[in-house]
Amino acid sequence: MERGRRIVKQLEGLRMQPNLLGEALDGRPFDWGAARALLDGLPSGKGLNIAHEAVDRHASGPNGMGTALRWIGRDGTRRVLSWRDLRTETNRFANALRRLGLKEGGRVFLLAGRIPELYVATLGALKAKCVVCPLFSAFGPEPIATRLEIGEAEILITTATLYRRKVEALRPRLPLLRHVVLVDAAAVDGTLDWHALMTEADPVFEIPPTDPEDMALLHFTSGTTGKPKGVVHVHQSVVMHHVTGRTALDLHPGDIFWCSADPGWVTGTSYGMIAPLTNGVTNVVVEAEFDPQTWYDVLEQERISVWYTAPTAIRMMMKLGTEPLRGRDLSSLRFLASVGEPLNPEAVVWGVEAFGMPFHDNWWQTETGGIMIANLAAMDVKPGSMGKPLPGIEAAIVQRDGQGGIALVDAWMVPGELALKPGWPSMMRGYLHEEARYKKCFVGGWYLTGDLAMRDEDGYFWFVGRADDVIKSSGHLVGPFEVESTLMEHPAVAEAAVIGKPDPTAGEIVKAFVALKPGHEPSEALRRELLGHARKRLGAVVAPKEIDFRLNLPKTRSGKIMRRLLKARELGLPEGDLSTLESDER
Ligand code: ATP
Ligand code: MG
């Protein structure tokens, strides 16, 4: 916090261009009805359909021939689709679904890397009022089959390789799955050929009247804290995507936007597809796997103006320092944003060093369907803070009273659970088949997020940790984020994660796991130095008592550190649901 303030001073003078809804930030209530009116051209009597807002509305407007999607293939192949092209392709896919017998509400699953067909299929299925569920292509066969089962998939769009490797053997388990469409190969046994379907399909399709409450998307959570939940979203979410695209990501006509999240996760769909398109902004899609070199190449070569990325990516770039940026022309960049995990203040400062502008942290979850809290373009960035609630979003810090109720915390910088007043358009409408789990999220008229945070006197929110990850040491509540950020201040540290380890005297002690930057080796001396650094900065109670070095920290496939796994291993407990585990080098 102290440090945050100091850095704000350094950042003064770097204020970004104000955004359209900036003035609504003055604490005045924000009317979602008015926001909906922002979606001009809403066809009267036809409700609100995501694909209409993202595609057709622009296709028939003056920017219809503008670039909606710019795809860069792994081998350098490029494909450009205008809004009109996208309208034709999505119409064909909507018609193809109908021909295959998919009705409104039918479940369409997608399992593919970042290829144009994925975008066409998502938006085409939404036009047909089918429910779309994107799956991350790097999942193994079991997580894929489980999700297809839970989500009652009727059709799966995928590639030949993914089908053979991951789905074919498990198909007998999936009696509801009627069709599998291969986008890149002629039909083999039991599958259909995308190209044949699309060629035969009519390029004209009229979107049926869509109720704003019709189910549109099913997104599985990251599984960071346990078994992933299937989160249900409806068509009116698009209002939120559109408005937050402008306010939190500063999207304006003429922008070239890149969101590096995979569409297998909620960010990659809401902001990697829908928000830029509804805002009439060119959306860059990059198929390649990511590393700092690729990120920089894309930013430079595609003349990206707004980049939405994640702390894990930023920490990977920081690991290599600013040297790889030397000689590059990144003058097109105007706005950087980050989501998915807490963004260490160190990373915000690094953004200024490397790109001449800070990363704007923002907070949301699969459940909230859209950005809730953000360092907006029009306000000062407070490094280490998630920012302020967006216009129309009411956020509070609450504490449970132990009797099933909650009390609002009416003080600054006192940690409690982050709660939101339900009512914004993109709020989840349920956890699929888990009514009880869904109901448990609401207490006393508030939605409880499961994250702990604090609010400062300026109304900024500060992430403390997930409720599950919080540590109680000698009667003190220790938030993992603060300890991890302090460790990251040390030049040798690339990543850090802390857990609570049971201790007979303190209840729990803080134990840290640390991955080092290239050029640094684990040693007893370094361990002592890090312990000393943390003790000096945090005090003896909060500072870690133990530090283990790791090559890498276990992460979900969406890039989140899995503290629960570090803890289970430390305590010799069962490892739990690991369906979304990615890197795990020990
Ligand atoms: P699961 O709910 O299955 O455990 P998950 O919560 O990681 O997984 P997501 O919905 O993908 O699944 O992630 C949302 C969570 O990510 C938030 O609740 C929060 O813990 C974390 N998060 C997202 N953005 C931020 C941020 N800017 N600062 C801190 N934490 C963030
Ligand atoms: Mg969650």
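The values are calculated or read from the model by the stated rules, or taken from the named source; none is laboratory data. On a predicted model such as this, the values are computed, not experimentally measured, just so you know. A quick note on method: Cβ atoms are made from the backbone with ideal geometry, for glycine too, and the neighbour counts reach across all protein chains shown. Areas reflect the complete protein model, heavy atoms only, side chains present, ligands, DNA and RNA absent. Shrake-Rupley method; radii C 1.70, N 1.55, O 1.52, S 1.80 Å.
Structure summary
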| item | result |
| --- | --- |
| Scan of region 308-331 for residues that are in a helix (DSSP H, G or I) and of a type in the set (D, E, K, R), ordered by number | Arg315, Lys319, Glu323 |
| Filtered residues of region 265-293 (kept if open to solvent by 10 Å² or more (accessible area, probe 1.4 Å) and away from ligand 2 (no atom under 16 Å from the Cβ)) | Asn279, Gly280, Thr282, Glu287, Ala288, Glu289, Phe290, Asp291, Pro292, Gln293 |
| Scan of region 157-179 for residues that are among the hydrophobic types (A, V, I, L, M, F, W, C) and either open to solvent by 50 Å² or more (accessible area, probe 1.4 Å) or out of contact with any helix residue (DSSP H, G or I) (no Cβ under 7 Å at 6 or more places or on another chain) (or both), ordered by number | Ala160, Leu162, Ala169, Leu176 |
| Meets criteria (of a type in the set (Ser, Thr, Tyr) and open to solvent by less than 10 Å² (accessible area, probe 1.4 Å)) for Ser237 | yes |
| Top-ranked residue in region 445-469 [being open to solvent by less than 40 Å² (accessible area, probe 1.4 Å) and away from ligand 1 (no atom under 13 Å from the Cβ); ranked as farthest from Val234 (Cα to Cα)] | Asp456 |
| Set Lys501, Lys472: member being modelled with pLDDT of 95 or more, open to solvent by 10 Å² or more (accessible area, probe 1.4 Å) and away from ligand 2 (no atom under 16 Å from the Cβ) | Lys501 |
| Members of region 362-389 that are closer than 27 Å to Gly430 by Cα, more than 16 Å from ligand 2 (Cβ to nearest atom) and open to solvent by 10 Å² or more (accessible area, probe 1.4 Å) | Lys388, Pro389 |
| Tally of residues being part of a loop (DSSP other than H, G, I, E, B) and open to solvent by 10 Å² or more (accessible area, probe 1.4 Å) across region 560-585 | 13 |
| Every pair of residues 6+ apart whose Cβ atoms lie under 7 Å, when the first sits in region 228-250 and is within 24 Å of Gly151 (Cβ to Cβ) while the second is open to solvent by 10 Å² or more (accessible area, probe 1.4 Å) and part of a helix (DSSP H, G or I) | Lys229/Arg437; Gly230/Ile150 |
| Complete set of residues in region 180-230 that are open to solvent by 30 Å² or more (accessible area, probe 1.4 Å) and within 16 Å of ligand 2 (Cβ to nearest atom) | Thr225, Lys227, Lys229 |
| Any hit, region 211-218, residues being within 16 Å of ligand 1 (Cβ to nearest atom) and more than 24 Å from Arg70 (Cα to Cα) | yes |
| Tally, over region 294-329, of residues that are open to solvent by 30 Å² or more (accessible area, probe 1.4 Å) and over 30 Å from Pro554 (Cβ atoms) | 7 |
| Strands (runs of 3 or more DSSP E) fully within region 413-513 counting 1 or more residues that are touching a residue at least 60 places away in the same chain (Cβ under 8 Å), touching a Lys or Arg at 6+ places or on another chain (Cβ under 6 Å) and not acidic (Asp, Glu) | 461-466, 493-503 |
| Residues satisfying the stated conditions in region 412-450, i.e. farther than 14 Å from Met372 by Cα, of a type in the set (Phe, Trp, Tyr) and within 16 Å of ligand 2 (Cβ to nearest atom) | Tyr431, Tyr438, Phe442 |
| Filter result for the condition that a residue is assigned by TED's automatic domain parsing to the domain that holds Leu477, more than 16 Å from ligand 1 (Cβ to nearest atom), under 28 Å from Ala261 (Cα atoms) and open to solvent by 30 Å² or more (accessible area, probe 1.4 Å), over Leu551, Leu516 | Leu551 |
| Every pair of residues 6+ apart whose Cβ atoms lie under 6 Å, when the first sits in region 366-395 and is near ligand 1 (Cβ under 9 Å from one of its atoms) and at pLDDT below 95 while the second is assigned to a loop (DSSP other than H, G, I, E, B) and open to solvent by 10 Å² or more (accessible area, probe 1.4 Å) | none |
| Restricting region 376-412 to residues that are assigned to a loop (DSSP other than H, G, I, E, B) and of a type in the set (Val, Ile, Thr), the residue that is farthest from Glu213 (Cα to Cα) | Val381 |
| So Leu81, is it among the hydrophobic types (A, V, I, L, M, F, W, C) and assigned to a strand (DSSP E or B) | yes |
| Condition met for Phe442 (on the phi < 0 side of the Ramachandran plot and crowded, with 20+ Cβ neighbours inside 10 Å) | no |
| Close pairs from region 290-308: first under 18 Å from Gly272 (Cβ atoms), partner among the basic types (Lys, Arg) and surrounded by 15 or more Cβ atoms within 10 Å (Cβ to Cβ), Cβ under 6 Å, at least 6 apart | Ser305/Arg334 |
| Residue in region 475-490 that is charged (D, E, K, R), more than 14 Å from ligand 1 (Cβ to nearest atom), open to solvent by 10 Å² or more (accessible area, probe 1.4 Å) and in contact with a strand residue (DSSP E or B) (Cβ under 6 Å, 6 or more places away or on another chain) present | no |
| Residues satisfying the stated conditions in region 120-141, i.e. open to solvent by 10 Å² or more (accessible area, probe 1.4 Å) and farther than 21 Å from Glu582 by Cα | Lys129 |
